[in-house]
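First the structure, in the form of structure tokens, and then the observations on it.
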Amino acid sequence: MMRLPPFRYHAPDTAGEVAHVLANEGPEAMIVAGGTDLYPNMKRRHQMPSTLVSLRRVTDLAGIEWGSDGGVRIGAGQTLRALERDPGVEGALPALWTAVHQISTPVLRNMGTIGGNICLDTRCNYYNQNYEWRRAINFCMKCEGDVCWVAPSSPRCWAVNSSDTVPVLIALGARVTLVSDRGVRELPIAELFVDDGIEYLAKQKDEVLTSIEIPAQGEARSVYRKVRRRGAFDFPVAAVAVRLAFDGDRVESADIVLNAVGSTPVVCTDAAERLVGEVVTEDLAAEVAQVAWKPAKPLDNTDLTHMWRKKMVRVNVKRALLELAPGT
Amino acid sequence: MTAPKDESNGAPTPEREGLEQQLQEGLRLIGKSPRKVDGMAKCTGETMFADDLSLPRMLICKIHRSHVAHARIKSIDTSAAEAMPGVVAVLTGESMPNSFGILPVSQDEHALCIDKVRFVGDPVAAVAAVDEDVAFEAMNAIRVEYEPLDPVFSPAKAIDNDVEPIHDYGDDGNVHKRVSMQFGDVDQALADADEVAEDVFYYEGNTHLPMEQHATLAVREADGRLTVWSSTQTPHYLHRAMSKVLEMPPSRVRIVACPNGGGFGGKSDPFNHEIVVAKLAMLTGRPVKVTLTREEVFYCHRGRHAVLMRARTGFKKDGSITGMHFESLLDGGAYGSYGVASTYYTGALQTVTYQVPTYRFDGVRSFTNKPPGGPKRGHGTPQPRFAVEVQLDKMAERLGLDPAEMRLKTLQPPYSNTANWLAIGSMGLGPCIEKVVEGSGWKDKHRKLPRGKGIGIACSSYICGAGLPIYWNAMPHSGVTVQLDRGGGVAAFCGATDIGQGSDTVLATCVAEILGVDLEDVRIVVADTAITPVDLGSYSSRVTLMMGNAAIQAAERAREVVAKAVSKHMGIPAVRLRFADNRIFDVQDPEQGITFAEGVALGEARFGTIAAAGSYSPPRTPGKYRGAGVGPSPAYSYSAAVVEVDVDEETGEIEVEKIWIGHDIGQSINEMLVIGQVEGGVYMGLGEALMEEMAYRPNRFGVHKIPSMLEYKSPTTKEMPPVVTYLVEDPDPNGPFGAKEVGQGPLLPVMPAIANAVYDAVGVRVDEVPLSPEKVLKAIESKDKRYGPKRFPDLRITETMRVKTEAEGGDGTAPRPPRKPKSEKKEVASS
């Protein structure tokens, strides 16, 4: 079997202590929550942190707190299973519930956390391979090598942001809180991501993601559509989150967010703007989908062909809009 | 059980009725569904798979594999690995110079590569260390210097003579095997046809994906003998290879096949890792274990060959076939494996389902720098079956015939010889078709469902054991010994390996049925080359038929001994004795009898220890031409499947909604196991049809694209539709109690039935497996509403063997070809 490399293990009780350990250990330390992403990566020698700081015992990262206005604060250490089982999430945030429900398998959702899914390492089938396999391609830019094998002439890495929850949280207008020894900062979740397969997070190495706040959704409706080969296990190869608020029949505000078609989630501002003030019809949905489709730049580094994945963005944006249109 | 006295003047009491019925029916266990004998142990986790074994002082082995696709080895530096604390031994290929391979004609593998590496993953060196962490570090500390050679990944390119040869044997260049044979006059038959179909199909390679990775534990015993426990389907063939490579007499080598956590053909070659740990154990004197990573299992492969095919078939207006010319080009990968047999199998069984009065087959297997193809469930048959069944579906439409009706009218008759001299026995395909047609409501659905919904049909047949062994010999294919204990216990010994298919249960059931004891009274000892009689292995769907017949013979011989003694004791002729419910009694007066244990004691007192052997050899085949060894079987199973699908026209995604499958089993030994095998075959077929593929990156050093269980896509329970299974029981005279195979056949019709259903749903032909959503969508968007290969390369056939069919007055032989001058081509190294 594949074995973990050796590492030191800290299991503090508070977020403050986590931040403190991270500050002391420096960039060689990494945070581990459920371990469903990091441990397999460590077995493949993608990351070999000398120190792991576990969030398992940190109580202030747990909890789902609903505000009186309908907003919610979710602890980053909340397991995906707990979110999936929360009737409030299923009732008030169906798109988020769908996204969580479709992550991997129940067994992994028992361990994996929402914070972990947000910070999920970018994926690529030149990267997510054994050490021995990667030796056969002389490694790649993301780990130990020089070349991005998906686009060998490219100066950057094109590993794919494959989180299910991220596009939904962006569409819902979520904010995240980051804690470090240097202090606390809060930012819109969209600003957490960087368009680069290697440095894909704006989070600093000494910062720990502690919570996610989702504003009250009122009458707005949202949906998440995931494209993948099978009904379980698989990461998305294209993902679409749409949130529409209506004024009567007409769209008051719209958010369309794509994921798994590049190194960072794609906020489709142009496409969303077309919807404002309009009634969602089949034609309009198709027209908007055609606009949303353009910024999707999938490459040949996931399951299924990238041309097909690009087409699926268009199909799924259209279907998402029609699903949310009043009367459906 | 004691029958109650008949006090009702002949009116049946419930007890009496039960006994009468039992006596009438005769069979107590056969065809019922008692619990699998290994079922509880599997469910509770008590089953010891090879990787569960652990011994004191055991070392862990890791294998350093080639990270280049094709190269000469210039040097191997193991010094850094050897110097690591905890490393006990490092091994390279020079210490095992003898080659091996499953087929005598393809002894082209070495336990560790000596001169060349031939694909990314080829084993080069091995380490044995005190634990897995040390072994891993040591494996990666080995440095190999290579002189690169041009790799070739495409079979069409490989068979050009101007590419770097991968081996120094074969028919020419990278053509491992070229075959051409003709039965009857196919050109004339095509000329006489009303319609001739010509189609090119492609079937992508895929792999077995057993849940259990291969694992082997080897021990040098105190007296210098070797014992190896391994997850292998073929302990006997491993025994031979091990003895050859290690240069040890077979009498001092013991191979024990552990229960396999799935095999599907992927554990039926002797493997390098098995020999490597044995060598390491002999060298170090310590137990050595290797458990492959999932990635390494992909490199073992020996799975479904990718095959490009062309079928030219002549039809009469009524749908009957006049003749068929079938061509196949196999992507063999880097080694021979079963490849010669696989090549013949892509041409052997086309004639077994429908009448094909004239038939020609041309096949070529190429070497390429990829993990070797070999036998996977259905060995060489799913590819041509896909082609034939899709082509029939197209022709039915062209002729305006219902595809189910058309098939029913052209069935190969039972107890007949095919054009290529295969002897068909019982043949239950007709009832299979009728059942799935009726059950699925075919007549109300075909061409009548709303757009996007479709229904398709396909059929198939498969061998129940290969008629010939892997290496030529005149000995039985399966042997069973039965030993009776005076306490009433029965021990049954057989070399067969349970790979999950239920062979342990079949062995116990056949013996228990004959001796009239319960399954729990039979202790089975299997798959141990030092203790059990040879059974050739769990491949070619041979075990139930061959082991079953051997078990019946052994049990009957043991019963005879007991019956003689009991006959004398009871003073009645032995023919009146019946063995059932742990009793031996007078059929004419069932109350008169003794217990089975008492009977054994009488027998033992009179004749001494009771042990009997049984064995089985398949009947001779009528085909006597070169190549006639592939295809013959004591019996053929048949299957028919109807599949209903929903196709999303915007995405190309296929949802298989329901499958109806009929299987001609001859006679179930254990009905539940039969249904389990049918469903398992359907599940595997679903994966092949929809998603599974051995994908490589030729432009990235030839690496396997997705050697993991996450990215090599295989269906989950979410993709598995409801399956309705119909068993057709028409006992075959060659089967034990009439039984035929079920392990492989039911997979075969699934892929073409799905392709045909997709056509019914959205009017496009995907002449390629898998039918991934991209391909379906491309077909929908294309002008000719088809996705698939368009051209078939020239196989450079120069000579075709011509065999007269039975209708032509042939006798199964081919005229002797004129003597060729001694060719310069190198023969297989037979070291």
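The values are calculated or read from the model by the stated rules, or taken from the named source; none is laboratory data. This is a predicted model, so every value here is computed, not measured. Quick reminder, even Gly has a Cβ in these numbers, built from the backbone with ideal geometry, and neighbours come from all protein chains shown. Remember, those area values only see protein heavy atoms, side chains included, never the ligands or the DNA or RNA. Shrake-Rupley method; radii C 1.70, N 1.55, O 1.52, S 1.80 Å.
Quick notes on this structure:
- Filter result for A:K297 (among the basic types (K, R), more than 14 Å from chain B (Cβ to nearest Cβ) and free of Cβ contacts under 8 Å to residues at least 40 places away in the same chain): yes
- Residue list for the range A:261-273, filter: open to solvent by 30 Å² or more (accessible area, probe 1.4 Å) and more than 15 Å from A:R243 (Cβ to Cβ): A:D270
- Residue tally, condition in contact with a strand residue (DSSP E or B) (Cβ under 6 Å, 6 or more places away or on another chain) and part of a helix (DSSP H, G or I), over the range B:473-504: 1
- Subset of the range B:301-340 (residues that are farther than 27 Å from B:G788 by Cα and crowded, with 23+ Cβ neighbours inside 10 Å): B:Y335, B:G336, B:S337, B:Y338
- From the list B:A613, B:A689, the one residue that fits, being open to solvent by less than 30 Å² (accessible area, probe 1.4 Å) and among the aliphatic types (A, V, I, L, M), is B:A689.
- The residue list A:V72, A:V53 contains one member that is in the same structural domain as A:L178 (by TED's automatic domain parsing) and in contact with an Asp or Glu (Cβ under 8 Å, 6 or more places away or on another chain), which is A:V72.
- Residue match in the range B:650-663 (condition: more than 14 Å from chain A (Cβ to nearest Cβ) and in contact with a Lys or Arg (Cβ under 6 Å, 6 or more places away or on another chain)): yes
- Close pairs from the range B:598-609: first among the β-branched types (V, I, T), partner in a helix (DSSP H, G or I), Cβ under 7 Å, at least 6 apart: B:V600/B:V562
- Scanning the range B:259-278 for residues that are open to solvent by 10 Å² or more (accessible area, probe 1.4 Å) and touching a strand residue (DSSP E or B) at 6+ places or on another chain (Cβ under 6 Å) gives a single hit, B:N272.
- Pick from the range B:714-728, criterion facing chain A (nearest Cβ under 8 Å) and touching a residue at least 24 places away in the same chain (Cβ under 8 Å), ranking: most open to solvent (accessible area, probe 1.4 Å): B:E719
- Of all the listed residues (B:P746, B:P752, B:P733), the sole one being more than 13 Å from chain A (Cβ to nearest Cβ), touching a His at 6+ places or on another chain (Cβ under 6 Å) and not acidic (D, E) is B:P746.
- Of all positions in the range B:761-779, none carries a residue that is away from every other protein chain (no Cβ under 14 Å), assigned to a helix (DSSP H, G or I) and open to solvent by 10 Å² or more (accessible area, probe 1.4 Å).
- Every residue from the range A:288-328 that is closer than 30 Å to B:H704 by Cα, surrounded by fewer than 21 Cβ atoms within 10 Å (Cβ to Cβ) and basic (K, R): A:K297, A:K310
- Residue match in the range A:210-225 (condition: within 14 Å of another protein chain (Cβ to nearest Cβ) and touching a residue at least 24 places away in the same chain (Cβ under 8 Å)): yes
- In the set A:K311, A:K294, A:K318, only one residue is under 19 Å from A:A220 (Cα atoms) and either touching a Pro at 6+ places or on another chain (Cβ under 8 Å) or among the charged types (D, E, K, R) (or both); that residue is A:K318.
- Qualifying residue in the range B:434-451 (condition: assigned to a loop (DSSP other than H, G, I, E, B) and open to solvent by less than 10 Å² (accessible area, probe 1.4 Å)): no
- Those strands (runs of 3 or more DSSP E) lying entirely in the range B:79-182 with at least 1 residues within 27 Å of the chain's Cα centre (by Cα): B:123-129
A quick yes/no check of all residues on (1) touching a His at 6+ places or on another chain (Cβ under 8 Å); (2) under 28 Å from A:L108 (Cα atoms); (3) within 14 Å of another protein chain (Cβ to nearest Cβ):
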| position | (1), (2), (3) |
| --- | --- |
| A:S154 | no, no, no |
| A:D164 | no, yes, no |
| A:E207 | no, yes, no |
| A:R229 | no, yes, yes |
